[in-house]
Amino acid sequence: MNEPLGATALIGRSLRLFFGNLGFLFPLAFVPSLALTALAYLLGDPLGNPEASLEFGPAEALSVFLNIMAGFVLTGVMCLAGLDVSLGKRHTVGEYVRQTMRHIWPIVALGVLLSAATGLGVVLLIVPGLYITARYLPWAPAIVFENAGWSGLGRAQELTEGRRWPLVGVILVMAVMVLAALLAAGLLLGTVAAQGSLILAVLIEAALAGLYYALIAVFVAQVYLRLRELREGAGLAEIAESIG
């Protein structure tokens, strides 16, 4: 009989590690999020010109491109940081960035493909989107941590095989928690935006993005490590020893 995934324990550990390492994880995600958010506001000026969101010119295209590229670099960096705090290790920001950049094209290409497939699944009926997310959930650790490169999606499928529907349940619980927090914070952001406070709006939006990246990084790391334990019998100490 297969050992259960342990959904409650996964969520509990993720939250404990998130709050316990917030001083390390949050700045790591907040600084690039602040730069990207500020750039998006400067190029699109949504507060100063509400009609700007209806236009899509070179500035908006540049903003989208930079956000996609930087977003996936940040995904790789935070993935490695999330694994570090889960394994009791520490590396420098430069090491995280260098390791991520070694795999930048698989991360971007496979990330865009997976995002599009997940988005389509959500639009169609929500459940297919959740299933696709569960099926490929550890794709980023597979690429940047295991150096799987273009085989990252295949490695993710291998790890989640036989446990995808339990993962759907875990993802759904986390999604509800994150959505509730974002809705509450979104009300605050909307109030600030309505008052025309651009700097405060940028700071709040960047802070929300930073918190989101930090929480998801820890959660995905916990799922990845648990799946490796269940499928391969690899304990935390063994995995930690394999890191330089």
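The values are calculated or read from the model by the stated rules, or taken from the named source; none is laboratory data. Just so you know, these numbers come straight off a predicted model, no measurement behind them. Quick reminder, even Gly has a Cβ in these numbers, built from the backbone with ideal geometry, and neighbours come from all protein chains shown. Please note that ligands, DNA and RNA were not included when accessible areas were found on the heavy atoms of the full protein model with its side chains. Shrake-Rupley method; radii C 1.70, N 1.55, O 1.52, S 1.80 Å.
Pairs only if they're at least six apart or on different chains, beta carbon under 6 angstrom, first in segment 83-102 and open to solvent by 60 Å² or more (accessible area, probe 1.4 Å), second acidic (Asp, Glu); list them, first residue then second.
What qualifies is Arg90/Asp84.
Within segment 103-129, work out how many residues are open to solvent by 60 Å² or more (accessible area, probe 1.4 Å) and either part of a loop (DSSP other than H, G, I, E, B) or of a type outside the set (Ser, Thr, Tyr) (or both).
Qualifying residue count for the region: 11.
Please specify each residue of segment 230-242 satisfying the condition of being open to solvent by 30 Å² or more (accessible area, probe 1.4 Å) and either under 22 Å from the mean Cα position of the chain (by Cα) or more than 16 Å from Glu3 (Cβ to Cβ) (or both).
Leu236, Ala237, Glu238, Glu241, Ser242
Test Val73 against the criterion of being in a helix (DSSP H, G or I) and either modelled with pLDDT under 95 or in contact with a strand residue (DSSP E or B) (Cβ under 7 Å, 6 or more places away or on another chain) (or both), and give yes or no.
For Val73, the condition - in a helix (DSSP H, G or I) and either modelled with pLDDT under 95 or in contact with a strand residue (DSSP E or B) (Cβ under 7 Å, 6 or more places away or on another chain) (or both) - is met.
Just the residues that are aliphatic (A, V, I, L, M) and within 13 Å of Val178 (Cβ to Cβ), please, taken from segment 196-216.
Selection gives Leu208, Ala209, Leu211, Ala214, Leu215, Ile216.
If I go through segment 205-244 residue by residue, how many of them are at pLDDT below 90, under 22 Å from Arg163 (Cα atoms) and not in a helix (DSSP H, G or I)?
2
Checking Phe56 against (1) open to solvent by less than 50 Å² (accessible area, probe 1.4 Å); (2) at pLDDT below 85: exactly one of these is not met. Which one?
That leaves (1) as the condition not met.
Take Met78 and tell me if it is of a type in the set (A, V, I, L, M, F, W, C), touching a residue at least 12 places away in the same chain (Cβ under 8 Å) and closer than 27 Å to Val170 by Cα.
Yes.
Restricting attention to segment 153-180, and to residues there that are among the charged types (D, E, K, R) and out of contact with any Lys or Arg (no Cβ under 6 Å at 6 or more places or on another chain), which single residue is surrounded by the fewest Cβ atoms within 10 Å (Cβ to Cβ)?
Glu161
Considering Tyr224, Tyr212, which residue is open to solvent by 70 Å² or more (accessible area, probe 1.4 Å) and of a type in the set (Phe, Trp, Tyr)?
Selected residue: Tyr212, the only one of Tyr224, Tyr212 that is open to solvent by 70 Å² or more (accessible area, probe 1.4 Å) and of a type in the set (Phe, Trp, Tyr).
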